[in-house]
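In what follows, a single structure is set out as structure tokens and then discussed.
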Amino acid sequence: MISRIDLRGEALPEGGALRDLLPRAEFDVEAALEKVRPLCEDVRHRGTAALIEYAERFDGVTLERIRVPVAALHAALEELDPAVRAALEESIRRAELVHRAQRRGSHTTQVVPGGTVTEKWVPVGRVGLYAPGGRSVYPSSVVMNVVPAQVAGVESIALASPAQREFGGLPHPTILAACALLGIDEVYAAGGATAVAMFAYGTSGPDGCAPVNMVTGPGNVWVAAAKRYFTGRIGIDAEAGPTEIAILADATADPVHVAADLISQAEHDPLAAAVLVTDSVELADAVDKELVPQVAATRHIEDRVVPALSGRQSAVVLVDSVEDGLRVVDAYGAEHLEIQTARAAEVAGQVRNAGAIFVGPYSPVSLGDYCAGSNHVLPTGGCACHSSGLSVQSFLRGIHIVDYSEHALAEVAHHVVTLAEAEDLPAHGAAVTSRFGWQVPGK
């Protein structure tokens with residue numbers, strides 16, 4: 001069901017050569033970009049009319065309006081299963097607890113007497129959040145996007161999720177209920193690339209959407225392509241690809257847990273990646289054996305789980321040692337990385353590249369998806385080697401405020417002039433010397 005890659009017996013290659021040996025899903029954003037370009041430009045020129053047309057073409061629904069009535073949000077919350085509401089409330093509580101600790105305050109550094117630089121953090125003015133609505137419904141993604149934006153102090157938050165035919169053209173009611181719980185009342189029935197275009201360009205009319213400064217949230221390849229298309233016009237969190245889990249495990253790991261965790265990510269999407277890195281052939285064999293009954297007992301077998309586990313993006317990677325395993329998972333840069341080894345916390349402390357790390361047998365990825373308090377919007381496709389997951393910091397901009405007195409500028413003026421001359425930018429130096437009657441103090 002899941003292939004093997006044997007890296008034992010020889011020294012592991014370095015850097016990109018090691019990455020090239022590891023499984024990865026094909027995710028061609030560039031090809032998708034050419035297809036979303038005309039859709040985005042159509043939304044730019046025709047606005048809501050284009051969004052309504054694409055909802056009918058792609059989602060099979062006929063809409064009269066794109067914006068969701070506030071009454072529908074409240075109705076969805078009133079009709080929400082009490083157990084689901086309690087779970088969402090606990091997820092929100094824990095996420096707020098963790099994300100409040102991320103908020104950064106202003107800090108002033110006195111560089112010299114009379115010369116200070118202050119860094120202040122200012123929230124983005126308006127953001128558009130995207131909640132997918134294809135194969136599955138993700139109210140948890142509403143929580144993970146809204147909470148850090150609210151904690152950061154973003155004043156204007158809009159959310160889009162695809163229209164659902166079975167719910168009268170509204171987004172899924174659990175999505176709407178999560179919005180109501182979080183106090184988000186600007187919600188649009190728009191999906192995929194067209195939703196990103198709506199946020200980037202804005203639409204007119206009484207129910208129009210004002211342009212945003214930033215778009216965040218997971219989505220399919222079309223959402224990723226639209227984010228790439230609009231980068232520069234708006235800020236984005238990341239071009240999210242298919243979800244992935246890597247598990248670094250040794251002989252102490254429980255194969256029942258490992259198999260269950262691999263399946264938990266495979267049920268997202270046929271392109272989802274499930275990778276086990278281990279120095280124990282016995283564990284690998286036991287996991288292979290355990291996958292059979294667990295896959296048979298789960299849902300979404302044929303359309304998601306089996307294609308994901310048997311695809312080129314998933315594999316069991318055999319290594320000579322946990323130390324070699326660490327090199328492999330660092331080269332892979334997983335969105336989610338579980339450590340199921342002896343001294344798991346110590347091993348986790350050595351990891352450099354991962355979106356989020358889950359330590360030991362009782363910290364499965366699904367805990368982080370919902371109720372750990374951490375954020376589950378994380379870098380995919382190896383981007384964890386250079387990028388972080390969504391956080392309060394994602395919605396803040398650091399601004400430096402420079403405040404120098406006459407004396408403080410005079411002390412350093414000759415250095416400014418020297419460097420300006422070295423870069424052949426004499427007007428830069430003149431901007432300083434003009435303040436002192438064209439005399440360079442100290443020169």
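The values are calculated or read from the model by the stated rules, or taken from the named source; none is laboratory data. Keep in mind that this is a model prediction, so the values were computed, not measured. With ideal geometry, Cβ positions are generated from the backbone for all residues, glycine too; neighbour counts draw on all protein chains shown.
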Legend entry - Output for region 22-67, where each listed residue is over 17 Å from Tyr201 (Cβ atoms), of a type in the set (A, V, I, L, M, F, W, C) and surrounded by fewer than 15 Cβ atoms within 10 Å (Cβ to Cβ): Ala31
Legend entry - Selection status of Val142, surrounded by fewer than 23 Cβ atoms within 10 Å (Cβ to Cβ) and in contact (Cβ under 8 Å) with a residue 12 or more places away in the chain: no
Inset, instruction - Taking the options Glu119, Glu78, Glu56, name whichever one is closer than 29 Å to Pro270 by Cα and more than 22 Å from the chain's Cα centre (by Cα). - result: Glu56
Inset, instruction - For region 328-336, indicate whether the set of residues that are part of a strand (DSSP E or B), in contact with a helix residue (DSSP H, G or I) (Cβ under 8 Å, 6 or more places away or on another chain), among the hydrophobic types (A, V, I, L, M, F, W, C) and farther than 23 Å from Val256 by Cβ is non-empty. - result: no
Inset, instruction - Could you tell me whether region 360-367 includes any residue that is closer than 20 Å to Arg93 by Cβ and either touching a Cys at 6+ places or on another chain (Cβ under 6 Å) or free of Cβ contacts under 8 Å to residues at least 12 places away in the same chain (or both)? - result: yes
Inset, instruction - Have a look at Val187, Val221 and point out the one that is buried (at least 22 other Cβ atoms within 10 Å of the Cβ), among the β-branched types (Val, Ile, Thr), over 24 Å from Arg397 (Cα atoms) and touching a strand residue (DSSP E or B) at 6+ places or on another chain (Cβ under 8 Å). - result: Val187
Legend entry - Any chance Ser363 is within 22 Å of Tyr130 (Cβ to Cβ) and either surrounded by fewer than 22 Cβ atoms within 10 Å (Cβ to Cβ) or more than 12 Å from the chain's Cα centre (by Cα) (or both): no
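Quick one: which helices (runs of 4 or more DSSP H) lie wholly within region 10-128 and hold at least 1 residues that are modelled with pLDDT of 95 or more, under 28 Å from Val146 (Cβ atoms) and in contact with a Pro (Cβ under 8 Å, 6 or more places away or on another chain)?
It comes to 70-78, 82-100.
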Inset, instruction - Those residues that are touching a Cys at 6+ places or on another chain (Cβ under 8 Å) and assigned to a helix (DSSP H, G or I), I need them from region 172-200; list them, please. - result: Ala193, Thr194, Val196, Ala197, Met198, Phe199, Ala200
Inset, instruction - For residues that are acidic (Asp, Glu) and touching a strand residue (DSSP E or B) at 6+ places or on another chain (Cβ under 7 Å), scanning just region 321-368, find the one that is nearest to Val277 (Cα to Cα). - result: Glu338
